[in-house]
Structure formats: C-alpha cells, structure tokens
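The values are calculated or read from the model by the stated rules, or taken from the named source; none is laboratory data. Owing to the predicted nature of the structure, the values given are computational and were not obtained by experimental measurement. Every residue, glycine among them, receives a Cβ derived from its backbone with ideal geometry; neighbour counts consider all protein chains shown.
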Amino acid sequence: MVGIGDRIRALSARYHWVAAPVAAVFLIAGAVRLIVWLPLQKPVDWEIYRDAALRWQAGEGYFLPYQLSGPYVPGAGEPLYPPVILWLLVPFTHLPPILWWAVPIGALAAVIVWWQPRGWGLVGMAICLALVPTQSVYLTGRPTMWISTFFALGLARGGWAVLVFLKPSVFPAALVGIRRRWWWITLAIYLGLCATFGLAMWIDWVHAVLNSGGGLLYSIQDSIVLGVPLMAWLGRSRHTEKVEYPSEGLAAGLS
C-alpha cells in the first residue's frame with residue numbers, strides 16, 4: 001500500500017524544481033505579515049496563563065470564579081487548559097518571559113533542520129507557517145505552540161507525543177508512537193503528574209470548559225499549527241526512527 005508520505009516524496013521527485021520557489025514565496029509572504037503584525041499583537045495568551053499560574057501559586061484558584069458558576073462568553077482572560085499544564089507554566093513564571101517562546105520554537109526548528117524537509121513537504125510546511133492561525137498562536141504565546149513542538153518530538157522519537165494530551169482537542173496526535181515502550185513509560189509519568197492535582201480541580205476544569213460553550217473541542221481550529229511539523233516530517237529527506245501508530249492502516253498511510 002502506498003502511503004501519503006510515499007506519494008508526497010514521489011511528487012517531490014517529479015516536480016522538485018517547482019517546490020523550492022513555491023515554498024520560498026509562502027515563507028516570504030508569511031515573514032512579511034509576521035513583521036507587520038508583531039508590533040500590533042500583544043502576548044495575551046501568555047499573560048492569561050502566566051497570571052493563572054501566579055494566581056494558583058498564591059493559593060487562589062487556577063480558574064476564575066465565574067468560569068465555575070455558570071455559562072459565560074470567553075474573552076476576558078480565562079484559562080481553559082487542564083490543570084496538569086501548571087507543571088509547564090509554573091517554572092516559566094520564574095524565568096525570563098522570552099524563554100516561553102524560545103524553548104518550543106528552538107526545539108521545533110532543531111527537529112525540522114534535522115529532518116531536512118524538501119519538495120512538496122517543504123511547501124506544505126511553508127503554507128502552514130504563513131497561515132494566520134499559526135502566526136496568531138506564536139504571536140499571542142498560546143500554549144498550542146508547545147503542543148506543536150511535542151508533536152514534532154513525538155514524530156521524531158515517539159514518547160514525547162504523550163504531552164499532546166495537554167490539549168485534549170487534538171488528542172489523536174498524542175497517539176504517535178503508541179506501540180513503543182517509551183510512549184507508555186511517558187504516559188505513566190504524565191498520569192502521575194495529573195494525579196498531583198485533586199479530583200475537584202479536574203471537575204472544575206470540565207465545568208470551566210463546558211460553561212464556556214465550546215465543549216472539550218473548543219480550540220480544535222488550532223490544530224492547523226500541528227501541520228508545520230507534520231508536513232516537515234512527510235517531506236523529510238533524513239529519516240528518523242520509524243514511528244508506529246495504533247493501527248497498521250494509519251501507519252501505512254503516514255509512513
């Protein structure tokens with residue numbers, strides 16, 4: 001069975017001379033928009049989650065009172081990620097804010113450079129980088145940028161993908177490498193971190209999300225950001241370990 005990755009690589013080999021210029025056009029267009037947009041966009045999502053982590057460390061609630069009291073319209077700085085993300089957030093409240101961006105962007109860039117994507121996989125990656133939803137995630141400091149990096153590391157090594165569970169709306173991406181022992185070890189560690197927060201706090205999270213009116217898939221539109229590492233992986237010229245998926249069909253489709 002010919003998988004998606006095989007088709008992309010075959011297409012790349014046939015029209016390789018077109019791919020690089022097309023990718024360059026999208027990268028330049030995206031860079032221009034980013035330069036114009038950067039001074040105008042505040043890091044609002046980083047501020048929301050930084051304040052939530054600081055509030056929790058001060059002994060107050062991670063969620064705001066009105067998130068738990070009934071339906072509300074999101075938009076006033078409400079945290080909606082599950083409480084386990086505090087293990088990621090808290091250290092960064094004591095570090096220079098720039099590291100909130102530098103660490104995930106640097107790790108993602110390192111993985112992409114290692115893969116050396118070419119052809120139409122490179123074009124797909126460039127398109128994803130140029131899209132407004134992707135740039136918005138990075139400009140506002142949304143934790144989704146970390147999810148994209150965890151997905152990339154999972155595609156490279158398997159176990160890291162477990163951390164995609166931090167964003168339940170894109171949970172299928174967390175299944176990368178599920179048949180590898182390291183994935184299950186990482187899952188056990190992740191569940192241990194989840195267990196450090198009481199059941200009441202997890203119930204509060206469900207209430208906060210459902211009261212927002214969006215359900216547990218409230219931010220599924222952010223999944224476009226995961227297209228950056230996925231396209232780079234599909235177009236890679238340097239192959240890493242074979243990543244195994246829950247079903248042979250999915251493995252065949254992506255390998």
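Some points to look at:
Yes or no, residue by residue, for (1) closer than 30 Å to Thr196 by Cα; (2) at pLDDT 70 or above; (3) loosely packed, with under 14 Cβ neighbours inside 10 Å:
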| residue | (1), (2), (3) |
| --- | --- |
| Met1 | no, no, yes |
| Gly5 | no, no, no |
| Ile8 | no, no, no |
| Val32 | no, yes, yes |
| Trp37 | no, yes, yes |
| Gly59 | yes, yes, yes |
| Pro65 | yes, yes, yes |
| Gly75 | yes, yes, yes |
| Pro79 | yes, yes, no |
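- Filter result for the condition that a residue is within 26 Å of Arg50 (Cα to Cα), outside any helix (DSSP H, G or I) and either β-branched (Val, Ile, Thr) or touching a helix residue (DSSP H, G or I) at 6+ places or on another chain (Cβ under 6 Å) (or both), over Tyr138, Tyr72, Tyr81: Tyr72
- Residue within segment 165-187 that is in contact with a Ser or Thr (Cβ under 9 Å, 6 or more places away or on another chain) and among the hydrophobic types (A, V, I, L, M, F, W, C) present: yes
- Condition check for Val206: modelled with pLDDT under 90 and either loosely packed, with under 13 Cβ neighbours inside 10 Å or not in a loop (DSSP other than H, G, I, E, B) (or both): no
- Single residue of segment 147-196 satisfying the filter (under 20 Å from Thr134 (Cβ atoms) and assigned to a loop (DSSP other than H, G, I, E, B)) that is nearest to the chain's Cα centre (by Cα): Lys167
- Verdict on Trp115 being in contact (Cβ under 8 Å) with a residue 60 or more places away in the chain and touching a strand residue (DSSP E or B) at 6+ places or on another chain (Cβ under 6 Å): yes
- The sole residue among Thr93, Thr140, Thr149 that is among the hydroxyl-bearing types (Ser, Thr, Tyr) and closer than 22 Å to Leu234 by Cβ is Thr149.
- Candidate set: segment 86-103, residues that are buried (at least 21 other Cβ atoms within 10 Å of the Cβ) and out of contact with any Gly (no Cβ under 8 Å at 6 or more places or on another chain); chosen: the one farthest from Pro168 (Cα to Cα): Leu89
- Condition check for Lys42 on (1) farther than 18 Å from Asp204 by Cα; (2) not in a loop (DSSP other than H, G, I, E, B): one failure, at (2).
- For Glu47, the test of being of a type in the set (D, E, K, R) and under 23 Å from the mean Cα position of the chain (by Cα) is passed.
- In segment 156-181, the residues that are free of Cβ contacts under 8 Å to residues at least 40 places away in the same chain and of a type outside the set (A, V, I, L, M, F, W, C): Gly159, Pro172, Arg181
- Within segment 39-57, being surrounded by fewer than 14 Cβ atoms within 10 Å (Cβ to Cβ) and touching a helix residue (DSSP H, G or I) at 6+ places or on another chain (Cβ under 7 Å) holds for one residue alone: Val44.
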